[in-house]
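Working notes for the structure below.
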Amino acid sequence: MKLYVIGIGPGGADQITPRARAAIQDSDMIAGYTVYIDLVRPFIGEKEILQTPMKQEIDRCTRARDAALTGKTVAMICSGDAGVYGMAGLMHEVCADYPEIEIEVIPGITAACGGAAVLGAPLMHDFAVISLSDLLTPWETIAKRLDLAAQADFCICLYNPSSKKRADYLQKACDIMLKSKSPDTPCGTVRNIGRDGEEGTVYTLEQLRDTKVDMFTTVFIGNSQTRVINGKLVTPRGYENK
C-alpha cells in the first residue's frame, strides 16, 4: 500500500521535480485541492482523480488513505513543498493507525525559495517563515512570532499575507515589525511565483506597510544587513568578514 505526498512547486510545469512527475506517473489516483489538480492535469492522463475544495483537507486526506487501503497507489499533491504548510503532516496523522500504508513525502520548491530567487538573495542568512492566516492559528500567536522574529533580526518570509477578510493583516504585521526593524529595511513581494504574470517588487518596510497584496503574493522582509544591489535584495552571509 503506497501513498505519496507530493510537493509540485509554485505552479510552473518547469518547477515540478522529475521525482514528483515520476511519482504522479506511478500512481493510480491523484488527490488534491481543485486548483492544484488543474496545475498538473497535463501529467495525469486518464488516472482517477480525487479533488475537494479548500477547507476540506481532513476529508481529502481520509479519502486518499481509504483509497490506498484498497490497494491503489495514491498521490496527494500540494503546492510548494508538501511539508511546508502542505498535507504531509496531516496525512501522517490520519494514517497513524494504519502502519501498513507506506507514506513517501516528495519535496518541492516552496514559495520562500521560489520567491527569493526572483528577488535576488534575501534569505542567505537565518530566516523565519510565518503565515499570516489565522484560520488555524490565533492572531495573538502570529503577532508574538512576528514580534520575536523581528527582535531577533531574522529575515522574515510571510505566507498568506492578505485576503478579503484579512485586508489589513500585512499592515498590522508591518506595524509589529517596525517596533524592532528600521523603516528603511529592504523588503520585497513576489506575486504568481513560477506562473504567468510573475512579478517581483522591492520596497522599504515603511513602503511595504501601505502596499496592497493578495493570497498569490509572498512577502520578504530583510534583516539589519540586507541591502539592495542593482535592484535585487541581498542579505550578506558574512563571507567578506572571515
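The values are calculated or read from the model by the stated rules, or taken from the named source; none is laboratory data. Computed from a predicted structure; not experimentally measured. FYI the Cβ positions are ideal-geometry reconstructions off the backbone, even for glycines, and counts take in every protein chain you see. SASA here: full protein model, heavy atoms, side chains in, ligands and nucleic acids out. Shrake-Rupley method; radii C 1.70, N 1.55, O 1.52, S 1.80 Å.
In segment 110-129, which residues are without any contact (Cβ under 8 Å) to a residue 40 or more places away in the chain and either polar (S, T, N, Q) or out of contact with any Phe, Trp or Tyr (no Cβ under 7 Å at 6 or more places or on another chain) (or both)?
Hits for segment 110-129 are C113, A117.
With the requirement that a residue be among the small types (G, A, S) and under 20 Å from the mean Cα position of the chain (by Cα), what does segment 151-195 give you?
S162, S163, A167, A173, G188, G194
I'd like to verify a number: residues in segment 65-83 that are among the small types (G, A, S) and within 22 Å of the chain's Cα centre (by Cα), how many?
The number of residues fulfilling the criteria is 5.
Can you confirm whether R65 is over 23 Å from L135 (Cα atoms) and basic (K, R)?
Yes: the conditions hold for R65.
Hey, can you tell me all the residues within segment 37-73 that are in contact with a Ser or Thr (Cβ under 6 Å, 6 or more places away or on another chain) and open to solvent by less than 40 Å² (accessible area, probe 1.4 Å)?
R60, T73
With the requirement that a residue be surrounded by fewer than 16 Cβ atoms within 10 Å (Cβ to Cβ) and among the aliphatic types (A, V, I, L, M), what does segment 14-26 give you?
If the condition is that a residue be surrounded by fewer than 16 Cβ atoms within 10 Å (Cβ to Cβ) and among the aliphatic types (A, V, I, L, M), then A22 is the only one that fits.
Give just the number: which of (1) under 22 Å from V84 (Cβ atoms); (2) buried (at least 17 other Cβ atoms within 10 Å of the Cβ) does M29 not satisfy?
Only one criterion is unmet by M29, namely (1).
Take segment 85-111 and flag every residue that is in a loop (DSSP other than H, G, I, E, B), surrounded by fewer than 18 Cβ atoms within 10 Å (Cβ to Cβ) and among the small types (G, A, S).
If the condition is that a residue be in a loop (DSSP other than H, G, I, E, B), surrounded by fewer than 18 Cβ atoms within 10 Å (Cβ to Cβ) and among the small types (G, A, S), then A96 is the only one that fits.
Collect the residues in segment 112-128 that are within 15 Å of I8 (Cβ to Cβ) and open to solvent by 20 Å² or more (accessible area, probe 1.4 Å), keeping them in residue-number order.
Hit for segment 112-128 is C113, nothing else.
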